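Worksheet: the structure to be examined is printed underneath.
The values are calculated or read from the model by the stated rules, or taken from the named source; none is laboratory data. Bear in mind the structure is a predicted one, so any value in this text is a computation, not a measurement. Here the Cβ is made from the backbone with ideal geometry for all residues, glycine too, and neighbour counts use every protein chain on show. Heads up: the accessible areas ignore ligands, DNA and RNA and are worked out on the full protein's heavy atoms, side chains in. Shrake-Rupley method; radii C 1.70, N 1.55, O 1.52, S 1.80 Å.
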Amino acid sequence: MSDVLTALTAVLEERRQQADPASSYVAQLHHKGLNKILEKIGEECTETLLAAKDSEHSGDNSELIAETADLWFHTLVMLSHRGTSAEAVLGELARRFDLSGLDEKAARADRPHR
């Protein structure tokens, strides 16, 4: 599974650095800046939430899966824009893997929150 994330991360980075915004959606997002990328994440988050509610009633998860893919994609663009990657997020998830969710949440409570 992480092979897909690794490959996608590489493509996103290449497009961030080399692609023309006139011909690449990813380059266009980077060119427009972080606020535009965050706006897209907000849109995709809302669409994902709505798809989850719809799937609960219909029993069909296809739209939920598609919207989650859009959300993850735009989140990966944001990470690329900020100079990091899915690998860093996977590393953080791996670090948390053997922690109790409640213990991990309590540890975060000790850190300053914005």
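Computed values, structure above
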quantity: Where chymotrypsin sites (Phe, Trp or Tyr not before Pro) fall in DSSP loop in the range 59-110, at most 12 other Cβ within 10 Å; calculated: Phe97
quantity: Length gained when the stretch Leu49-Asp3 is fully extended (0.36 nm per residue, less Cα-Cα span); calculated: 13.9 nm
quantity: Extension gain, Tyr25 back to Trp72 (0.36 nm per residue minus Cα-Cα distance, nm); calculated: 15.4 nm
quantity: Local electrostatic count, Leu8, Cβ distance below 12 Å [Lys/Arg +1, Asp/Glu -1]; calculated: -3
quantity: Qualifying aspartates and glutamates (Cα of each under 17 Å from Cα of Lys40; at least 8 residues distant if same chain); calculated: Glu67, Asp70
quantity: Rounded percent of accessible protein surface that carbon and sulfur make up, the chain, 1.4 Å probe; calculated: 57
quantity: Gain in span if fully extended, Ala106 to Asn61, counting 0.36 nm per residue against the direct Cα distance; calculated: 12.9 nm
